[in-house]
2 protein chains.
Amino acid sequence: MHLDEHSDTPFYRQLEAQMREGIESGTYPTGSRLPSIRGLAADLGCARNTVEQAYHLLVQEGYVASRPGSGYVVQNVAYLQPDASAPSCAVLLGGSRRKARYDFTYGNLEPGTFPATAWRAITDDILLSVEAAGCDAYNDPFGEESLRAAIAWRLVTQRDIDCTPEQIVVQGGTQTSVQNLLTLFDAARDTVAMEDPGYDGVRSVIGRARFAIRPCRVTDDVRVFLSDLESSGARLAYLTPSSQFPTCRIMPTDVRERVLAWAEAADAYILEDDYCRDFRYRERSLAPLASMDGRGRVIYMGTFSKSLSPALRMNYLVLPTPLLKRWREAFASSYSPVPWLNQQVLARFMTDGSWDRHLRRVQTRNRRKYDALTAALREYMGDKVDVLECGTGLHLLVRVRDGRSQDELVAAAAAADVAVYPTKKYWANPACATKGVVLVGFSSIAEADIRPGIAALARAWFG
Amino acid sequence: MHLDEHSDTPFYRQLEAQMREGIESGTYPTGSRLPSIRGLAADLGCARNTVEQAYHLLVQEGYVASRPGSGYVVQNVAYLQPDASAPSCAVLLGGSRRKARYDFTYGNLEPGTFPATAWRAITDDILLSVEAAGCDAYNDPFGEESLRAAIAWRLVTQRDIDCTPEQIVVQGGTQTSVQNLLTLFDAARDTVAMEDPGYDGVRSVIGRARFAIRPCRVTDDVRVFLSDLESSGARLAYLTPSSQFPTCRIMPTDVRERVLAWAEAADAYILEDDYCRDFRYRERSLAPLASMDGRGRVIYMGTFSKSLSPALRMNYLVLPTPLLKRWREAFASSYSPVPWLNQQVLARFMTDGSWDRHLRRVQTRNRRKYDALTAALREYMGDKVDVLECGTGLHLLVRVRDGRSQDELVAAAAAADVAVYPTKKYWANPACATKGVVLVGFSSIAEADIRPGIAALARAWFG
């Protein structure tokens, strides 16, 4: 084992690559222990943190498991090979076995984003107090009062949404929320409208619940979308007005008014997924549909996955009064899907000032990444591509106009150790997907990797 | 404010009652702060812990909220009044506004059960390490590998269930599990069988998913149950063989064999809810159905709610291979419903020895309570009641034979500040509920309160 001081690759990545080869080649057989962090760091003359980071990558990749008391144990690598009968988790998550050097993935946050220190301090505080007895009882099925109050206060003061804590239900993520909401509708009778292209995770929940889905085409001409929606016969429409996923389009105010009028006329509800309101880089946000809604037609959905942690599994719905009543009846004998402790910690995080500091930090970081990414795309690709973005969110779309397919572009990038992502799966009919459009995310990649990553991508695509 | 040293009521309860009256009478108006814990303890000459416990009760009851930085703030009490249009959470949880002096509730654990110290230490450990980056990414949709490995190891070594970590999916509680499992079946075509009486929480999930339910009567004659099941035409049966809920009956081995044979012949699956295997006070458990199942007909469900924390919202399913494949397809683009951090902490809690120590402690405590409860019932009620129990679980049923209804018995108990619970809701048709049968739980009440509680109940019922 040897660390090359002159390489551009950081020590921990060099070490990780060498250990990985050792595991794959059988130098470290399944079940064996890796050298201790302290010992290996001493042998190599590097910092213990370097070894720890390398080992952590190996854990993330599934090569080793961290076992308390017995260190890092090599896992059966055969299990990592994608296998049709029992696909590994990484495969199902859409991830690959090994992370690309430049990974423009969407959804995950940059390692270190989670405010672990504040979270730890609050958790300690709660578990050391008599309040810890909250862990011994079933919790409020609609969410802890303190968290609902903190959420409602922010919605009222910062998003102009007129709501009370009683209208809020705390849920375990977008998909769980939609799954639960759909139980208030009837799959045998009700159709659900959704944007096309749109978020595949929600499309699959609706499909699993056996509802008919009416796609509403999102194109340059909003009349197409409105006409699809207005003729949909849907009782529920899933929409992302503040940054349409994945096209990043912002729904104009007049369209918002038409959409609300449609809901009123059709006796339908709108599920407004406001998943990325916190990330806005050029102009102020338009008010959410929920703030324009005087008739109780909009269900507002917010999330903590984009700004705090996707692994926290926490989001919320704001239910208009008629649906609130149905929800409370349907879930009267249910338990909350969200752990009590996590809700309590988040509530205190939101009220003790930590949340504002954290959000500003993440917003600043994402704005810098957005600037770096758009600048690098201009610099290295210029007019060879169209960049589709509206100064919002955590990704943008890049269209290559030379006729290559998404798969060809993604494969060419992968060959250069750059991961960008196809967008086909977001279309109701993948054959309709726009040719040559790939997704480039910037929430997970380090800011310093953006420019060299786009440079490598440009070389891979255009030579 | 005055604490009476000669009263039988503990100081903190005296204090809580006086504060509560002060809030209800307006002495402490909505929005005002309660005196500081330190100051009030000094004024009254009592321990700070006494005041803290009293305040904690008031928080639990909703009279005050604990706000970091601003102490304990009086809440709008009017909101606590049950109201049909917006029922308070306590009401929906089946709880009452004020806890009875002797509360034989079911489900919740005794305050202090949760191993807060160990949980805190492990949480700290993880959040301080590089592993904390797990909070920044979407987690494994089927559950963290380390937790699934810990669960599988225990199932294989302690419950004789032949399974691998790959068959386990970590879920957010029984109801969520059933809701997700049902998406693999078709409500338009498939019937679900369940025990009658049976767990109402699961019945409502099945109903909400619009499946037809076929009740299988649980009576003294198992042939009735078998005949109902065998003629059910069901594709899925929800069963609680190790301690039938709520009758506590243990399914005999020959019936288990018949049930498995039925599933095989009917091409059906059995969801075995083994929710209280850890609590067994007289004889060894029978092997779970899942361990007898050679044909992949049994879905095994285990929980952490009864032994660790109902507020943790974590349980798991063990899927037989054919269903595992369908599950992985259906949830391929889903995220896990369970927070990453909680899974990691639990995995380490299970592997570092904490779990065994904790479980023994809880088992010992529940056995002592079971002994105290059954002894007190014999002593104070003798042959005036039938006690239905099989030395399992965390509750028993008491049948009063003098013709009084459940509601009359519960009301008479409540008048004496004792809470016992009606069982009607467990029947598919509440009119069929056995007269005079009430549920008496012992997981939540303190051991020392059991004997005086049953004495008070006997006086209330029989004079």
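The values are calculated or read from the model by the stated rules, or taken from the named source; none is laboratory data. Only a predicted model underlies this, so the values are computations on that prediction, with no experimental measurement involved. Cβ placement follows ideal geometry from the backbone for every residue including glycine, while neighbour counts extend to all protein chains displayed. The protein model used for the area step is the full one, side chains on, heavy atoms only, and it has no ligands, DNA or RNA in it. Shrake-Rupley method; radii C 1.70, N 1.55, O 1.52, S 1.80 Å.
Scanning for something in contact (Cβ under 8 Å) with a residue 60 or more places away in the chain and open to solvent by 60 Å² or more (accessible area, probe 1.4 Å), does region A:390-400 turn up at least one residue? Looking for residues that are in contact (Cβ under 8 Å) with a residue 60 or more places away in the chain and open to solvent by 60 Å² or more (accessible area, probe 1.4 Å), one finds none in region A:390-400, hence no. When restricted to residues that are open to solvent by less than 20 Å² (accessible area, probe 1.4 Å) and under 22 Å from the mean Cα position of the chain (by Cα), region B:149-158 contains 2. Restricting attention to region B:344-369, the residues that are among the charged types (D, E, K, R), in a helix (DSSP H, G or I) and in contact (Cβ under 8 Å) with a residue 12 or more places away in the chain add up to 5. Inspect region A:131-147 for any residue being hydroxyl-bearing (Ser, Thr, Tyr), at the interface with chain B (Cβ under 9 Å from one of its Cβ atoms) and farther than 23 Å from A:THR240 by Cβ and give the result as yes or no. The answer is yes, given that some residue of region A:131-147 is hydroxyl-bearing (Ser, Thr, Tyr), at the interface with chain B (Cβ under 9 Å from one of its Cβ atoms) and farther than 23 Å from A:THR240 by Cβ. Restricting region B:326-365 to residues that are closer than 24 Å to A:SER177 by Cα and among the basic types (Lys, Arg) leaves a set whose member that is farthest from the other protein chains (Cβ to nearest Cβ) is B:ARG326. For the residues B:THR240, B:THR164, the requirement of being within 11 Å of chain A (Cβ to nearest Cβ) and under 30 Å from B:GLU145 (Cα atoms) singles out B:THR164. For region B:247-290, the set of residues classified as among the polar types (S, T, N, Q) and either open to solvent by 60 Å² or more (accessible area, probe 1.4 Å) or more than 21 Å from the chain's Cα centre (by Cα) (or both) consists of B:THR253 only. Comparison of A:ALA372, A:ALA311 shows that the only residue that is in contact with a Cys (Cβ under 6 Å, 6 or more places away or on another chain), on the phi < 0 side of the Ramachandran plot and part of a helix (DSSP H, G or I) is A:ALA311. Test A:VAL338 against the stated conditions and say whether it is open to solvent by less than 70 Å² (accessible area, probe 1.4 Å), part of a helix (DSSP H, G or I) and within 29 Å of A:LEU289 (Cα to Cα). In short, no. The set of residues in region A:319-335 that are of a type in the set (A, V, I, L, M) and open to solvent by less than 10 Å² (accessible area, probe 1.4 Å) comprises A:LEU319, A:LEU323.
Working only within region B:177-233, note down all residues that are touching a residue at least 40 places away in the same chain (Cβ under 8 Å) and β-branched (Val, Ile, Thr). B:VAL178, B:THR183, B:THR191, B:VAL192, B:VAL202, B:ILE213 - these are the residues of region B:177-233 that are touching a residue at least 40 places away in the same chain (Cβ under 8 Å) and β-branched (Val, Ile, Thr).
Yes/no matrix, rows are residues, columns are (1) assigned to a loop (DSSP other than H, G, I, E, B); (2) at pLDDT 95 or above; (3) of a type in the set (A, V, I, L, M, F, W, C):
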{"position": "B:ASP254", "(1), (2), (3)": "no, yes, no"}
{"position": "B:ALA261", "(1), (2), (3)": "no, yes, yes"}
{"position": "B:LEU317", "(1), (2), (3)": "no, yes, yes"}
{"position": "B:SER333", "(1), (2), (3)": "yes, no, no"}
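Of all the criteria given as (1) away from chain B (no Cβ under 11 Å); (2) modelled with pLDDT under 95; (3) over 30 Å from A:ARG20 (Cβ atoms), the one not satisfied by A:ILE151 is (2).
When region B:197-219 is filtered for residues that are closer than 23 Å to B:TYR106 by Cβ and over 19 Å from the mean Cα position of the chain (by Cα), the ones remaining, listed by number, are B:GLY207, B:ARG208, B:ILE213, B:PRO215, B:CYS216, B:ARG217, B:VAL218, B:THR219. The condition of being under 27 Å from B:ASP136 (Cβ atoms), of a type outside the set (A, V, I, L, M) and in contact with a Leu (Cβ under 7 Å, 6 or more places away or on another chain) does not hold for A:ASP274. Restricting attention to region A:437-456, the residues that are within 14 Å of another protein chain (Cβ to nearest Cβ) and out of contact with any strand residue (DSSP E or B) (no Cβ under 7 Å at 6 or more places or on another chain) total 2. Mind checking whether some residue in region B:198-214 is more than 14 Å from chain A (Cβ to nearest Cβ) and either over 23 Å from B:GLN343 (Cβ atoms) or modelled with pLDDT under 95 (or both)? Yes, the conditions are met somewhere in region B:198-214.
Within region A:161-168, the presence of a residue that is under 23 Å from A:GLY296 (Cβ atoms), open to solvent by less than 10 Å² (accessible area, probe 1.4 Å) and polar (S, T, N, Q) is excluded.
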